[in-house]
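Beneath this line is the structure, given in structure tokens, with notes to follow.
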Amino acid sequence: MLILTTFDLDEYVFDALRAGASGFALKSRPLEELLSAIRTVAAGEALLAPCVTRRLIAHFAHRAPVTSRTPPGLAELTEREREVLALVARGLSNAELAGTLHVSLPTVKTHVSRVLTKLGARDRTQLVVLAYESGLVTTVGSPG
């Protein structure tokens, strides 16, 4: 689900994500960006407006880890999968992950898919939230 709104308010973003949205975009953006957002979410990817992403990361980066919310699958992640999760939490795309990890794009997709499955997350947006809430990532790009 993609939320299109004219209101750039944190509580709307958080409510939308809690309700299962995979994307959040502002109606004020150019038509090409909105069409791209629709295609991205329809393809099963997550998308947040850049200003929303910065605030979401800042929100979770400045919170103390909530250990009671640690997803059960976190302990099942391999070291590489934890590395992938931390990089996803920094906002890297699959292509950027492949370059950073020096692996192929299909390998990255396999890693991301396994992390999603093990953590029971539906998309990359949930992975970012889980990474910060679990304390795996405590500031942008820094392992917890």
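Within the assembled protein chains, the solvent-accessible surface assigned to TYR12 is about 100 Å², based on a 1.4 Å probe.
Rolling a 1.4 Å probe over the heavy atoms of the protein chains gives the stretch 84-133 an accessible area of 43 Å² per residue.
Ranking of HIS111, HIS59 by solvent-accessible surface, largest first: HIS59, HIS111 (1.4 Å probe, protein heavy atoms only, all chains present). Protein heavy-atom surface of the stretch 71-144, 1.4 angstrom probe: 55% of the accessible area is carbon and sulfur, with nucleic acids and ligands not counted.
The values are calculated or read from the model by the stated rules, or taken from the named source; none is laboratory data. Keep in mind that this is a model prediction, so the values were computed, not measured. Ligands, DNA and RNA are stripped out before the accessible areas are found, and what is left, the full protein with its side chains, is counted by its heavy atoms. Shrake-Rupley method; radii C 1.70, N 1.55, O 1.52, S 1.80 Å.
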